[in-house]
Amino acid sequence: MNDAHDRGPAEAAPSDPSDAFPTKYVPRPTVRDLPPPPTGQWRYIGPGIVAAGVGMASGEFILFPYISSQAGLVFVWAALIGLVTQYFLNMEIERYTLATGETAITGFSRLWKHWGLVFAALAYFANLWPAWATSSATLVTYLFGGDVAVIATVILIIVALILTLAPVVYNALERAQMIKIAALLVLLLVTAVFAFGSSDWADARKIVTEPGFPSELGFAVLLGALAFAGAGGGQNLVQSNWIRDKGFGMGRYVPKIVSPVTHEPEARGRAGFIFRPTEENLAHWRGWWRFANREQLSTFVLISFLSITFMSLLAYVTVYGRPDLSNDVSFLEIEGNALKESVGPWFGTFFWAVGAVSMFAAALGIVDYTSRLAADVLKTSYLPKMSESKLYAVLVWGLALIGIVVILAGMTQPLTLAIIAACSGGTMMFIYSGLLIAINRRMLPKAIRIRGFRLAALVWSILLFGVLAALTFNEQVRKLFE
């Protein structure tokens, strides 16, 4: 997946490549050589798995299966379009961080100080109501009984403890998502062997032969599924933070977020780095760029598409056409009971257990990325003398406590928050698709700037998410006045 320009000769090195970076709001980056790409690349696999694991929550387990249960397999094609679009978005987010060690949000903040605050606020509004924790708790009740509110509260406390006591936060998050992906792959394998017959595999061809747009389900459901297949919203932006903590490119020079309780945090500056476009540095760049592209394709895109396809087919096989299904976690109870009847009691129990683990891992990742994004913004633009690790820990517990208050108060998701959650993700992606073009063409050395089909992919992203956000917002506002 190389660009043609990545294979070109080195440009004439400017006297100081940091001159291209605006310095009104964030200091000038330090000029430093790009580290060589890894020789043992397997140990650098991870950020794409984290992205897939965190993103595989309601979309893969509820939204796409619900659509398939109501309209058949006609809309699975949208998952591939959503994932491919997000692949190009993720790679442009990674491009900036590979080259600078800064997050994409820091790049945006070089253009206007408060861009980071805008994105952090939108991410918080989307995640204030802890649907991921309550979903995991609900699935636990299907297995063992109990009170959803109590179990969800315990889940949020466990999540906060893991994220604030792990010596290196990214390592704990990566291990949790790998366990989730492994459990999901086992579920897919068992499903293929025990739940699908020859006629079901024949029906799978409808994904390709009978694509459609079942508008009777509503734009919010369909367009939300298309936009957020795999990840969506603020999660894509935090791909910067995850590859930086993994040590990709210039991120190797940046301290990781660690526990302020079990580990001594290292101070990091507000600005990152940039390399001179010498032959050696550009050779290193091509190695990193090839590896980063392969890592995203073989993990985030492949795992997400397989999970969406299999879970959609499973819902189609078991509960297609049932009128009593709702687009929330209760859908999984009906599907699990159907699996118990068609395959055996053990399979429905196994299905719920994997779902509970999946939603818990999603809760861990969502609290992490929301807090990580906000901590990066505060450290870079507003509180430069504060420890990023300490800011992160405070934000983690703050988000967990807000969720606990919401749960114990017996609140269902407020309509206002539902509208914000439906619109904020698409709006974020619409805005930062354009900002990514700006920072990756204006600030980076000419030899590694975005151009060609990748530039066209981001223009497509602007159009796609702009239209989706507008249509979803319009539909939700109309519901307010019905």
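Lysine pairs in the chain whose alpha-carbon atoms fall under 25 angstrom of each other, counting only those eight or more residues apart or on distinct chains, come to 20. With N as its number of residues, segment 320-380 has a Cα radius of gyration that, divided by 2.2 N^0.38 Å, comes to 1.66.
I'd like the carbon and sulfur percentage of the solvent accessible area for the chain, probe radius 1.4 Å, heavy atoms only, ligands and nucleic acids excluded. Kindly include the intermediate steps, with their values, before the conclusion.
On the way: 11850 of 18210 Å².
Of all accessible area on the chain, carbon and sulfur atoms account for 65 percent.
A viscosity of 0.890 mPa s and a temperature of 25 °C, combined with the Kirkwood radius over Cα pairs in Stokes-Einstein, give a translational diffusion coefficient for the chain of 107 µm²/s.
Here, segment 88-206 has an Rg and a Dmax of 20.3, 58 Å when only alpha carbons are counted. When the surface is traced with a 1.4 Å probe over the full set of protein chains, residue 446 keeps roughly 120 Å² accessible.
In order along segment 266-276, the Karplus-derived 3J(HN,Hα) couplings, from 6.51 cos²θ - 1.76 cosθ + 1.60 at θ = phi - 60°, round to 9, 6, 10, x, 6, 9, x, 9, 8, 9, 6 Hz, and Gly and Pro are given as x. Residues whose amide H comes within less than 5 Å of that of residue 274, counting only those at least five positions distant or on another chain, are 30, 31, 32 (H built at 1.01 Å from N in the peptide plane). Across segment 22-33, coupling constants 3J(HN,Hα) worked out from phi with the 6.51/-1.76/1.60 Karplus curve, θ = phi - 60°, read x, 10, 5, 10, 10, x, 5, x, 8, 7, 8, 5 Hz, and Gly and Pro carry x. Charge tally for residue 148 (other residues, Cβ to Cβ under 15 Å; Lys, Arg +1; Asp, Glu -1): -3. Distance from the C-alpha centroid of segment 330-353 to that of segment 274-298: 46 Å, rounded to the whole angstrom. Extending 7 Å from Cα along the Cβ direction at residue 209 and again at residue 346 yields two label points whose distance is 3.4 nm.
Shape class of segment 193-344 from the alpha-carbon gyration tensor: prolate, with a/c at 1.5 or above and a/b greater than b/c.
Distance between the pseudo-spin-label points of residue 460 and residue 278 (7 Å out from Cα toward the beta carbon): 3.8 nm. The residues of the chain expose on average 38 square angstrom of accessible surface per residue, using a 1.4 Å probe on protein heavy atoms.
Largest first, the extents of the alpha carbon coordinates of segment 12-157 on the three principal axes equal 66, 33, 33 Å. Net charge dipole, the chain: roughly 1540 debye, given to the nearest 20, about the Cα centre with Cβ charges of +1 for Lys and Arg and -1 for Asp and Glu. Kirkwood analysis of segment 121-171, using all unique Cα-Cα pairs, places the hydrodynamic radius at 12.2 Å. Remark on segment 137-198: Rg and Dmax equal 15.8, 49 Å (Cα only). Divide the volume of the convex hull around the Cα atoms of segment 177-241 by the residue count and you get 131 Å³ per residue.
For the chain, hydrophobic long helices are taken as DSSP H runs at least 15 Å long by C-alpha position along their axis with mean Kyte-Doolittle hydropathy of 0.0 or more; these are 77-100, 115-127, 131-144, 148-165, 169-194, 302-319, 345-377, 388-408, 415-442, 452-480.
Pairs of Cα atoms in segment 283-345 fall into 10 Å distance bins, from 0 up to the last occupied one, in shares of 18, 32, 20, 15, 11, 4 percent.
The values are calculated or read from the model by the stated rules, or taken from the named source; none is laboratory data. Owing to the predicted nature of the structure, the values given are computational and were not obtained by experimental measurement. Virtual Cβ from ideal backbone geometry, glycine too; neighbours counted across all protein chains shown. Ligands, DNA and RNA are excluded from the accessible area calculation, which covers all protein heavy atoms including side chains. Shrake-Rupley method; radii C 1.70, N 1.55, O 1.52, S 1.80 Å.
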